[in-house]
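Taken together, the values in this text are just the output of simple stated rules run on the coordinates, not laboratory data. On a predicted model such as this, the values are computed, not experimentally measured, just so you know. Virtual Cβ from ideal backbone geometry, glycine too; neighbours counted across all protein chains shown.
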Amino acid sequence: MLVLVIGDLHIPHRVPDLHEKFKALLVPGKIHHILCPGNLCTEATYDYLKSICSDVQVTQGDFDDSSKWSDTLVQTYGQFRIGMCHGHQIVPVGDRAAAAILQRKLNTDILVLGHTHAFQAYKHEGRFVINPGSGTGAFSTITPDPIPSFVLMDIDGPRVTVYVYELHGEEVKVDKIEFSKPASL
Amino acid sequence: MAATLSSAPRGDVVGQNQWLKEAIVNIKRNAYGLRKAMDEDNVKDALRYSAAMLGELRTSSLGPQKYYEMYMQVSDQLHFLTEYFADEHRKGRSYADLYELVQHAGNLLPRLYLLCTVGACYIRSRQAPAKLILRDVAELCRGVQHPTRGLFLRAYLVQAYRSLLPATGSPYESPEGGNVEDAADFLLLNFTEMNKLWVRLQHQGGSADQGRRETERRELADLVGKNLTYISQLEGLTFAAYQNRVLPRVLEQVVSCRDELAQQYLMQALILAFPDDFHLGTLGTLLDALPGLQPGVKVATVLSSLLDRLASYAGANPTAVGQMTEQDAFGTLAGVALRVTQRHPDTLVADVAGMYAALLAFAGTVYPERLEHVDMVLGNCHDALRSRGTVPAGKAEREVVALLSTPLNKYDVVTVLGLKQYPAVLSLLRPNMQREVALNIAQSLLRRGARISSAEHAGLLLGLLAPLLHDVDGIELDSSDIEDDSALVARVVHVMVAADSDEQHRVLDVLQAALFPAEAWAKRVHAAVSALAAVPAADAALALFLVAAAVASESARLELVTYDLFEQAFLLYEESVPDSRRQASALAAIVGTLHRCRVLDADARGALVHKAAGYCSKLLRRADQCLAVLAVSHLYYQEERAEEGAEETDASQSDATGAHPAPPGAGQDPPPHPAVRDGAAVLSCLKRALRITHAQQQQLLQTGRGELEGPGFLFVEILNHYLYYYERGVAAITLSALQNMVDLVASELSSEACKESETLQTFYANTLDHVRRQQGGDGAGLYAGLRLGAH
């Protein structure tokens, strides 16, 4: 099962569009679910994500035009409970121990966060945290010169393979991280 | 025999059907006789039955449609006769003999069909020179001057002989049999004769049936046009032969027939049939014929077909471009187009637009560098259509939109901005179509990744995009359209990037002039905001102030500016954030940003923190109050930064940009202030959160509330914060204070209400699990004395 995780696009406020190289990768019909931690920022961008895959889950970002999204949500894909929150509400920003409190509360195997515009994936107390970075590499006060990035999770039984797509100049670089669900959880 | 009775009146469908039915019965009966005679090898009977069958074609009672059905029946049978003649020939009967024999048929029409059939066999046997037979039959067929009968007889003639023509390389080519020119002459003669018959069909009968006859004639057009197709397919037909022999005779016939329908059809057929290089070589002759056509002929359509052909030819064939340039094809064609619109001012708008769209495509393909050509076409089109008013919906509109789309597809948007006549043509469209084109322009600009790098271009672009910027009379948009337009324009703004800051300022001035002071825009923003109650304008502005504050603090290191921006954000928070959920979210964002800002000195920061802390108790719901207080607790505790040593380079970088003026009184960037570590204040926040939770608990005993915001959750949340600070070594959180908290939560969580919530118990279990992990790992020393109780 393929789950696309892409957020902090900031279209049209900070960038005109998603890069063509990324658009070319995100073709309809391959992805089963889309998780967007927030900051689309308009309905048009939501519609674009919808055109890639009909199941698009969004949490509220601090720059979304609409305030209709919820602050946190939990989805179960295969054997994984996945929680999501944009993260501008978490103080201190980007703090792992603070994020861990949310992780405990949502009781998820994977927590998806946004806001920092920097790709991050780490294991914390047996659980996994993923920040896909900004899909467009939009300006951020937290991360200088963000690199456009998104994440594709391939969920297969108790294992998830996390593919990280980063755009360096005109070149797309792909990295791979594996995570297995601990038996005790 | 039915053929001789001309009883049923023409035009009577029932009568015609009846007649056709009887005729087909006769044909079948005679065909049976023919087969029998052929089986019995009785030549005389075979010819007799054939002639009787063919006699049915002598009728005047059928319209062309029904006549065609009958013709198909007969010509199927003639196929068997052809085979029979070949058999007879193999048995020793000479074709000369047969050729003589069939001429004994009593009636002219059957005799000619039979003659054609035998003649074809004669040529195929190569016992007679093709040229002689062809000339003979073509001449003899002149004997039938009835339009329908004549047309079908000659259609049969062409069908029977098209594979027997002495074209170059064909087995029938020889000094006696003739060459490709004789083949062309045969088809040309047939073409001329058929066209005359076809034109005459119009004038048969009374004037009441004019309309119906025109429809019937349209159905027969291909019979005539096929002659041209076959000429173009002749092997060995040289350009010289086309130029000197074929084209003059075709044009002469087309012009002299003075028939609108024939001229319209045949000019298009001529253009479609022959190769592009032939047209290019005879462009002058072809164009000279246009003025001689009947006034009703749609010359614009004819010219469009020609231009389409030439444009695709030039696109596929670079050498043709040189040839076109040499003979100034564009100038000639543009001149003709101009004369067409002047001479026929009543040409349909769709046809005029279609012609200019074709001319523009031609100019774009042949002379891609010559933008003045494109501009001239746009200008001429505008001149031709200006007096006709707004282009109406339908084909005309589609053509004009196509005309405007060609340069967008061919060039980039920046090039299109250089076309002075483009806005003029755009203005001919209905307002909502202008908007469609504007959308196309904006999307094309974004798709191609172009940059608008001068104020002049920015102005021109915004002129074209006007329908997206403000209300236009005649366009009714709903709120989602307006939202989409605004989002698109916002994306376009990102590509307006000048090379230097002076020009960028001018670009921004142009942008501001286009977007903001216009009354219409103000009206529209107001309408959009009112219509979309969901647009959180204050939230967005607040979030922007926070971004600006973070930049002012962490990049620019401007203390006063940072402070001022927080004040602005606070002002918005106090006055404009509409509901409690968004207040809670906005307060979290404020606290998160303030936590990161290190440029403020203790007093300034203290004032802001105090204010933020004050907001907590003003939140509507206790749960929000509690969570906000927990967030605020972090404002009293900052981490030392890993990159603290790198601060100096950061500071020198912000010096180098120099774009931001220093705040008054600040001679140089202030150093970042040390991390705030006020454990007592942290603890006081945690206690305050606890008090709020207790208060909520009391309140809820009466009301009851959603579990995720219930006191149980808040207790566990607070416990997590105790653990957070304890692990960081905040001295105010002592082991005994923590133990008290753990015990308190354990007792609260064992209440009946809390036990019911699985989600809450999981949160609690996860929290305890965290402590146990610590006790068994890095935090073993820290947590050594902590008892987690029986849970």
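List, in order, the whole-Hz ³J(HN,Hα) value for each residue of region B:305-322 obtained from phi through the Karplus relation with A = 6.51, B = -1.76, C = 1.60 and θ = phi - 60°; use x for Gly and Pro.
Once rounded to whole Hz, the list reads 4, 5, 5, 4, 4, 5, 5, 6, 5, 5, x, 8, 9, x, 5, 5, 4, x.
Defining a contact as two alpha carbons under 8 Å apart and six or more residues distant in sequence, what relative contact order in percent does chain B show?
Over chain B, the number comes to 5 percent.
Per residue and in Å³, how big is the convex hull formed by the alpha-carbon atoms of region B:86-189?
91 Å³
With r defined as the distance between the Cβ atoms of residue B:40 and residue B:17 and R0 fixed at 30 Å, what FRET efficiency is calculated, to the nearest 0.05?
Plugging the Cβ-Cβ distance into 1/(1 + (r/R0)^6) gives 0.30.
222 nm [θ] for chain B, helices only, -39500 (n - 2.57) per DSSP H run of 4+, per residue, to 500?
-22500 deg cm²/dmol
Take peptide B:484-491, look around each residue's Cβ out to 10 angstrom, count Cβ atoms belonging to other protein chains, and average those counts.
Mean shielding count: 5.
To check my understanding: the extent here is largest minus smallest coordinate of the Cα atoms along each principal axis. What are those three numbers for region A:1-73, in Å, largest first?
Each principal axis gives a Cα extent; for region A:1-73 these are 29, 28, 15 Å.
Which whole number of Å³ per residue matches the convex hull of the alpha-carbon atoms in chain B?
Hull volume normalised by residue count: 322 Å³.
Grab the Cα-Cα distance for residue B:752 and residue B:136, subtract it from 0.36 nm times how many residues apart they are, and report the gain in nm with one decimal.
Additional length available on full extension: 210.2 nm.
Counting only other chains, and only Cβ atoms inside 10 Å, what mean value do you get across the residues of A:94-107?
Rounded to a whole number, the mean comes out at 5.
Let me know the Rg and Dmax you get for region B:677-791 when you use only its Cα atoms, in Å.
14.3, 44
Would you mind giving the mean number of other chain beta-carbons within 10 Å of the Cβ of each residue in B:540-546, as a whole number?
Whole-number average of other-chain Cβ neighbours for B:540-546 is 3.
Counting pairwise Cα distances across region A:2-180, what percent come out greater than 27 angstrom?
That fraction is 17 percent.
So between residue B:252 and residue B:174, what do we pick up on full extension, going 0.36 nm a residue minus the alpha carbon distance?
Between residue B:252 and residue B:174, full extension yields an extra 25.1 nm.
Between residue B:782 and residue B:541, what's the calculated FRET efficiency when r is the beta-carbon distance and R0 is 35 Å? Round to 0.05.
Computed FRET efficiency for residue B:782 and residue B:541 comes out at 0.20.
Check the straight Cα-Cα distances from residue B:298 and name the lysines below 16 Å, setting aside those fewer than 8 residues away within the same chain.
B:395
Using +1 at the C-beta of Lys and Arg and -1 at the C-beta of Asp and Glu, which of B:400, A:15, B:286 has the Cα lying farthest in the positive direction of the dipole of the protein assembly as shown?
The one lying farthest along the dipole's positive direction is B:286.
Quickly rank B:48-55, A:131-138, B:742-749, B:388-395 as a protection proxy: mean count of other C-beta atoms within 10 Å, highest first.
A:131-138, B:48-55, B:742-749, B:388-395
Restrict the search to region B:403-499; then list the GluC sites (Glu not before Pro) that DSSP places in a loop and that have at most 13 other Cβ atoms within 10 Å of their Cβ.
Answer in residue order: B:476.
For region B:1-155, what is the largest minus smallest coordinate of the Cα atoms on each principal axis, given in angstrom and ordered from greatest to least?
Principal extents (largest minus smallest coordinate, Cα): 49, 34, 22 Å.
Determine the gain in length on full extension of the stretch residue A:154-residue A:54; use 0.36 nm per residue of separation and subtract their C-alpha separation, reporting nm with one decimal.
Contour length minus Cα-Cα distance gives 34.2 nm.
Give me the one-decimal nm value for the distance between modelled label points at residue B:126 and residue B:395, 7 Å along each residue's Cα-to-Cβ direction.
The two pseudo-label positions are separated by 5.1 nm.
Given the C-alpha centroids of region B:318-343 and region B:25-81, what is the distance between them in whole angstrom?
53 Å
Using 1/(1 + (r/R0)^6) with R0 = 22 angstrom and r between the beta carbons of residue B:499 and residue B:443, what's the FRET efficiency to the nearest 0.05?
Efficiency, from the Cβ-Cβ distance: 0.30.
Sorting check: for B:461-469, B:64-72, which peptide has the highest mean count of neighbouring beta carbons within 10 Å, and how do the rest follow?
Going by the mean number of other Cβ atoms within 10 Å, highest first, we get B:461-469, B:64-72.
What is the Cα radius of gyration of the protein assembly as shown over 2.2 N^0.38 Å, N being its residue count?
1.45
I'd like the orientation of helix B:13-39 relative to chain B: the angle between its Cα long axis and the longest Cα principal axis, in ° from 0 to 90, rounded to 10.
Approximately 60 degrees, to the nearest ten.
Pop out the Kirkwood hydrodynamic radius of region B:164-270 from its pairwise C-alpha distances, inverse of mean 1/r, in Å to one decimal.
14.8 Å
Magnitude of the Cβ-charge dipole of region B:28-183, K/R +1 and D/E -1, about the Cα centre, nearest 20 debye?
Rounded to the nearest 20 debye, it is 420 debye.
Determine the sum of side-chain charges near residue B:86: Lys and Arg each +1, Asp and Glu each -1, restricted to other residues whose C-beta is under 12 angstrom from that of residue B:86.
Net charge in that neighbourhood comes out at +1.
Charges on Cβ only, +1 for Lys and Arg, -1 for Asp and Glu, centred on the Cα centroid of region B:677-791; of B:721, B:753, B:679, which one is farthest towards the dipole's positive end?
B:679
Helix B:519-531 sits at what angle to the longest principal axis of chain B, using alpha carbons and giving 0 to 90 degrees rounded to 10?
Approximately 70 degrees, to the nearest 10.
Which of the peptides B:620-630, B:234-244, A:83-93, B:579-589 is most tightly packed, and how do the rest follow, going by the mean number of other Cβ atoms within 10 Å of each residue?
A:83-93, B:620-630, B:579-589, B:234-244
Using Cα atoms only, what is the angle between the long axis of helix B:247-256 and the major principal axis of chain B, expressed in degrees (0 to 90) to the nearest 10?
The answer is roughly 90 degrees.
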